[in-house]
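Worksheet: one structure, shown below.
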Amino acid sequence: MPDGLAAEIRKRIRIAGPMPVAEYMALCLGEPHSGYYMTHDPLGAAGDFITAPEISQMFGELIGIWTASVWRLMDGPSPCRLIELGPGRGTMLRDLWRVTKIVPGLADALMLHLVETSPVLRRIQQETLAQVTPATAWHDTLREVPDGPCLILANEFFDALPVHQAVKQADGWHQRVIERDGDGFRFGLAPAPIPTFERTLPPRLRDAVAGAVFEWRSDRPMIEIGTRVVRHGGAALIIDYGHLESAPGDTFQAVRSHRHCDPLTEPGSLDLTAHVDFAALARAAESCGARIHGPCSQAEFLERLGIETRAEALKANATPAQRGDIDTALERLTSRRTRGMGELFKVMAVSARSLARLPGFDS
Ligand SMILES: C[S@@+](CC[C@H](N)C(=O)[O-])C[C@H]1O[C@@H](n2cnc3c(N)ncnc32)[C@H](O)[C@@H]1O
């Protein structure tokens, strides 16, 4: 339970000293007994946050159209592994699957692999998918998924992966750490700067002002994805909130009941995330020879795939109340207002070199 996790974090700090933000985030979200995702279903109106597939069936259906189109561009391999990273309640796959059934040969070719660490969400995924799809395999990591041609989907997966932070000081960049503050926690800085850190940064970040915060994640997940699509053929679609270019900024945040709160309170009870640096993801995937498509905004991506046409088709058979709901969902998914999902969320694909153009992207 969360109190136990606070005690565990205090103990680790007492023994090993202040812990990097990434270690704190990893414990809060994934500690096997008390981590947020280990104990919660956080999704939906009654939970802490809502994701695009939970807003409307249109989202999963359009990802289904993307999946079907790319499978065809791959010359329809059978079997083809359809892998979702962090599938939440399984809603996107459920909606996507309806589309696969209308493309000859596709539903039979796809083998479903869900990479999910949360036992709570795995149970919900099993219920959601039991009636709609054939055999599905669950895995703790992408590494466990057997080789072969693949299509990989990740909606709001990367933002939940642990993020490191460093703060620029007069003598260099210092790792941001979590230290004890009585029974609670506060941010601090490691005493010595990270050696040679500045040289690893993109050039335009090297003259950042004192106090600037830079965030980064491990390249490993992206390298695993890039290597897989290059070696075995296929593509990965990554959708998340974040920025197109690597830039300074503190985006480490906590949400509970759809409201922002202090990320250092009640470890294990809050959803912790940070924005995704799409330029960093692209660099990692390119380093293993993958081709990058986009990134573009979610609004552009969904509009290119035909979300407006899909909304009209759904409205044709809907009640007036349902028509209102469809319009609201369309506006929400594609809103270009400041911090609207259509603009804040970015979409990028990573593929084998042979896939020169993918649907949803203009290049
Ligand atoms: C923000 S939710 C997104 C859920 C879903 N994709 C959606 O759009 O509704 C993050 C998902 O990633 C899973 N997750 C978080 N960290 C993970 C990890 N290291 N490995 C696998 N799954 C993880 C969570 O359990 C959850 O299913």
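The values are calculated or read from the model by the stated rules, or taken from the named source; none is laboratory data. Predicted model, so just to flag it, every value in this text is computed and none were measured. So basically every Cβ, Gly included, is an ideal-geometry build from the backbone, and we count neighbours across all protein chains shown.
In the condition set (1) free of Cβ contacts under 8 Å to residues at least 40 places away in the same chain; (2) in a strand (DSSP E or B), ILE238 is compliant with all but (1).
Selection of segment 259-317 for residues being within 30 Å of LEU5 (Cα to Cα) and charged (D, E, K, R) yields ARG259, ASP262, GLU266, ASP271, ASP277.
ARG323 fulfils the conditions (1) of a type in the set (Lys, Arg); (2) at positive phi; (3) assigned to a helix (DSSP H, G or I) except for a single criterion, (2). The set of residues in segment 24-72 being part of a helix (DSSP H, G or I), more than 10 Å from the ligand (Cβ to nearest atom) and surrounded by fewer than 18 Cβ atoms within 10 Å (Cβ to Cβ) consists of SER69, ARG72. Based on this model, can you work out whether LEU93 counts as within 16 Å of the ligand (Cβ to nearest atom), closer than 21 Å to LEU29 by Cα and touching a Gly at 6+ places or on another chain (Cβ under 8 Å)? Judged against the criteria, LEU93 is not a match. GLY44 fulfils the conditions (1) at pLDDT below 95; (2) of a type outside the set (S, T, N, Q); (3) in contact with a strand residue (DSSP E or B) (Cβ under 9 Å, 6 or more places away or on another chain); (4) on the phi > 0 side of the Ramachandran plot except for a single criterion, (3). Residues ALA290, ALA349, ALA311, ALA299: which one is over 30 Å from HIS232 (Cα atoms), crowded, with 18+ Cβ neighbours inside 10 Å, among the small types (Gly, Ala, Ser) and within 21 Å of the chain's Cα centre (by Cα)? Of the residues listed, the single one that is over 30 Å from HIS232 (Cα atoms), crowded, with 18+ Cβ neighbours inside 10 Å, among the small types (Gly, Ala, Ser) and within 21 Å of the chain's Cα centre (by Cα) is ALA299. For segment 73-95, which residues satisfy the criterion of being in a loop (DSSP other than H, G, I, E, B) and touching a helix residue (DSSP H, G or I) at 6+ places or on another chain (Cβ under 8 Å)? If the condition is that a residue be in a loop (DSSP other than H, G, I, E, B) and touching a helix residue (DSSP H, G or I) at 6+ places or on another chain (Cβ under 8 Å), then GLY76, PRO77, SER78, PRO79, GLY86, PRO87, GLY88, ARG89, GLY90 are the ones that fit. Every condition in (1) in a loop (DSSP other than H, G, I, E, B); (2) buried (at least 20 other Cβ atoms within 10 Å of the Cβ); (3) on the phi > 0 side of the Ramachandran plot holds for SER269 except the one numbered (3). Could you tell me whether segment 4-21 includes any residue that is within 20 Å of VAL115 (Cα to Cα) and part of a helix (DSSP H, G or I)? No: segment 4-21 contains no residue that is within 20 Å of VAL115 (Cα to Cα) and part of a helix (DSSP H, G or I). Here is the figure for segment 107-131: residues that are in contact with a helix residue (DSSP H, G or I) (Cβ under 8 Å, 6 or more places away or on another chain), within 16 Å of the ligand (Cβ to nearest atom) and not in a helix (DSSP H, G or I) total 6.
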